[in-house]
Amino acid sequence: MQAVRYHEHGGTDVLTVEAVEQPTPGEGEVLIEVGAAAVNPVDTYFREGSYPPGSLPWIPGSDVAGIVTGVGEGVTEFSEGDRVFGTGLGNNRQGTCAEYVTAPTAMLAPLPDSVDAATGAATALVGVTAWQTLVEACGLGPAETCLIHGGSGGVGHVAVQLAATAGASVTTTASAEYHDRLEELGADHVFDYRRADLQAAVEGVDPPDVILDHRLDEYLAFDAEVAAHGARIGAIGNEDSAATFSDVPRCRSKALSVHHVSMFNTPDVSAVLTDLATLMADDALTAVVARRYDLDGVADAHRAVLADSYLGKLVVEP
Ligand SMILES: NC(=O)c1ccc[n+]([C@@H]2O[C@H](COP(=O)([O-])OP(=O)(O)OC[C@H]3O[C@@H](n4cnc5c(N)ncnc54)[C@H](OP(=O)(O)O)[C@@H]3O)[C@@H](O)[C@H]2O)c1
């Protein structure tokens, strides 16, 4: 099969398309013919070696959607021909930017017939992250108010829909060109994160009970100022090391809590994926596919995921 691989850590130039042996599903695993993979910032951290994967050479890619073409021993959940989507790959096992990939059933769920592979792959990692943050870590309630930083991002644009579907009032921040689309996706208030008066703008609407923050070092003090008393902050960024409560006495006076979320620390994501699939089948949630690439374009997608601005997700179709 054809796969994208890297034999050493480094920039996008280490990514090559090669013929490699098709994997065989082990116990509890299925073989998937990849219809689509998606690109996430974390793929670039693995490639650079800042989150070291298991061994080299390595196939990047966390998300997948496709068709089951083989089942390993003990698999009862899926059969050949089933459409599935999943995430959490490409970390301690080979990734999804390939024509075929094997995956444990705990990382998969059935993909609804009405959802195409590109949308399924685009939804998986960011959907699980948004769900774990808003629903599980922060317990967002239907009559609450939610602030989502970076609403046009992969996580952000799915989180906006999830919070709106949960019945919350949604405030989000994004570049001006995305405001109309984010209102269509369910945001009640959208503010440009570059506004000098951003705090005053956010304070002009109901104070958030839940905040999804992808840049805690930059926004913890801001969050503490705008938050409702007792608010929960869900922190997903990979550069949250410097932000601490001791920096922000207001966190204590407002009884705020910060919940750090890491999707890759969750061994079984199938239940959350199944809930996301239900929402997708009900047209209550979708990922926006911003750009599509073939395997030869994965290096360009790795560059774009960090450098370019777009609303939604970058998808790879082998
Ligand atoms: N913990 C986890 O499990 C987990 C899971 C997924 C992602 N993450 C992390 O969460 C972060 C976001 O991931 P993603 O996939 O959503 O990335 P993404 O698709 O690249 O989105 C990033 C968003 O941030 C916006 N942004 C840029 N500068 C900003 C600023 N100063 N203030 C507010 N927003 C700003 C961008 O808007 P413009 O394009 O308009 O500038 C863009 O919409 C990354 O650091 C990623 O590694 C963590």
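The values are calculated or read from the model by the stated rules, or taken from the named source; none is laboratory data. Everything quoted here is computed from the prediction, not taken from an experiment. So basically every Cβ, Gly included, is an ideal-geometry build from the backbone, and we count neighbours across all protein chains shown.
Residues that are surrounded by fewer than 18 Cβ atoms within 10 Å (Cβ to Cβ), in contact (Cβ under 8 Å) with a residue 60 or more places away in the chain and more than 14 Å from the ligand (Cβ to nearest atom) within region 284-318 comprise A284, R292, D296, D300, E317, listed in sequence order. Just for region 139-169: of the residues that are among the polar types (S, T, N, Q) and under 17 Å from the mean Cα position of the chain (by Cα), which one is nearest to the ligand (Cβ to nearest atom)? Ranking the qualifying residues of region 139-169, first place goes to S152. Is it true that some residue in region 249-272 is in the same structural domain as F78 (by TED's automatic domain parsing), away from the ligand (no atom under 15 Å from the Cβ) and at pLDDT 95 or above? Yes; the residues of region 249-272 include at least one that is in the same structural domain as F78 (by TED's automatic domain parsing), away from the ligand (no atom under 15 Å from the Cβ) and at pLDDT 95 or above. Against the numbered list (1) outside the structural domain of Y293 (by TED's automatic domain parsing); (2) in a loop (DSSP other than H, G, I, E, B); (3) crowded, with 24+ Cβ neighbours inside 10 Å, A130 comes up short only at (2).
Residue-level check: of (1) in a helix (DSSP H, G or I); (2) away from the ligand (no atom under 12 Å from the Cβ), E218 misses just (2).
Taking the criterion of being in contact with a Leu (Cβ under 8 Å, 6 or more places away or on another chain) and in a strand (DSSP E or B), the residues of region 101-112 that qualify are V101, T102, A103, L108, A109. Among all residues of region 230-241, there is at least one that is at pLDDT below 95, away from the ligand (no atom under 11 Å from the Cβ) and exposed (fewer than 15 other Cβ atoms within 10 Å of the Cβ). Every listed requirement among (1) assigned to a loop (DSSP other than H, G, I, E, B); (2) at pLDDT 95 or above is met by R303 save one, (1). State all residues of region 269-296 that are under 20 Å from R5 (Cβ atoms), in contact with a Leu (Cβ under 9 Å, 6 or more places away or on another chain) and assigned to a helix (DSSP H, G or I); if no residue qualifies, say none. If the condition is that a residue be under 20 Å from R5 (Cβ atoms), in contact with a Leu (Cβ under 9 Å, 6 or more places away or on another chain) and assigned to a helix (DSSP H, G or I), then no residue fits.
Put simply, of S257, S262 the only residue that is more than 24 Å from T44 (Cα to Cα) and of a type outside the set (A, V, I, L, M) is S257. For E136, indicate whether it is farther than 28 Å from A307 by Cα and within 16 Å of the ligand (Cβ to nearest atom). Judged against the criteria, E136 is a match. If only residues of region 32-57 that are free of Cβ contacts under 8 Å to residues at least 60 places away in the same chain and outside any loop (DSSP other than H, G, I, E, B) are counted, the one that is nearest to V261 (Cα to Cα) is F46.
Annotation note: Cβ proximity below 9 Å between a residue of region 111-125 that is buried (at least 21 other Cβ atoms within 10 Å of the Cβ) and a residue that is outside any loop (DSSP other than H, G, I, E, B) and of a type in the set (D, E) (sequence gap 6+ or interchain) occurs for G120/D63; A121/D63; A122/D63; T123/D63; A124/D63; L125/D63. The number of residues in region 58-100 being in a strand (DSSP E or B) and surrounded by fewer than 19 Cβ atoms within 10 Å (Cβ to Cβ) comes to 3. The set of residues in region 1-31 being touching a Leu at 6+ places or on another chain (Cβ under 8 Å), crowded, with 19+ Cβ neighbours inside 10 Å and part of a strand (DSSP E or B) consists of A3, V4, R5, Y6, V30. On the basis of being closer than 16 Å to L111 by Cβ and of a type outside the set (S, T, Y), does A281 make the cut? Yes: the conditions hold for A281.
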